[in-house]
Amino acid sequence: MKRTLLLTALALGACAQPGGQSVCAAPLKPAVAIDLYFGRDKSAGGQVTDAEWEAFLGEVVTQHFPDGLSVFDASGQYRDPSGRIVRERNKRLVVIVFDAPAHKARVVEIVEAYKQRFGQHSVFRVEQPVCAGL
């Protein structure tokens, strides 16, 4: 756990320069930090259970990013199309990749699998250049 948090902290301490170029001090290397936010509410009612999440993580996510990732319990809110504020528990998945842009297809497959499996309309996604290393 400490190693995962250290990796995440190092990665989020990016040295991005104007123009999107990363200049990383050795031993850090340019990478991309991917944050995915998976809502736990199912469109048919109920919530994605911890057991369902763990199965999805093992069957889908780990298959696409076997080298490592971090998952955090979170809660958030958004405005739905009717203007109503919706609060929802979610899982935040953080992956650091060194193979940009090759990771993009894997991320899309994970997002589409989650949407299909749990009746979600979307998965919020953030990507940013970072400096990372062990």
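Each reported figure results from applying straightforward, stated rules to the coordinates on display, with no laboratory input. Fair warning: this is a prediction, and the values are worked out from it, not measured in the lab. No Cβ is skipped: glycine too gets one built from the backbone with ideal geometry, and neighbour counts run over all protein chains shown.
Here are some notes:
- The stretch 94-133 residues near the modelled residue 55 label - backbone nitrogen below 20 Å, point 7 Å along Cα→Cβ: 110-121
- Pairs of Lys residues in the stretch 29-128 that lie 8 or more places apart, or on two chains, and have C-alpha atoms under 23 angstrom apart add up to 6.
- When the convex hull of its Cα atoms is viewed from all sides, the stretch 29-128 shows a mean projected area of 6.7 nm².
- What the phi angles of the stretch 105-110 give under the Karplus curve with 6.51, -1.76 and 1.60, with θ = phi - 60°, is a coupling list of 5, 5, 5, 4, 4, 5 Hz, glycine and proline written as x.
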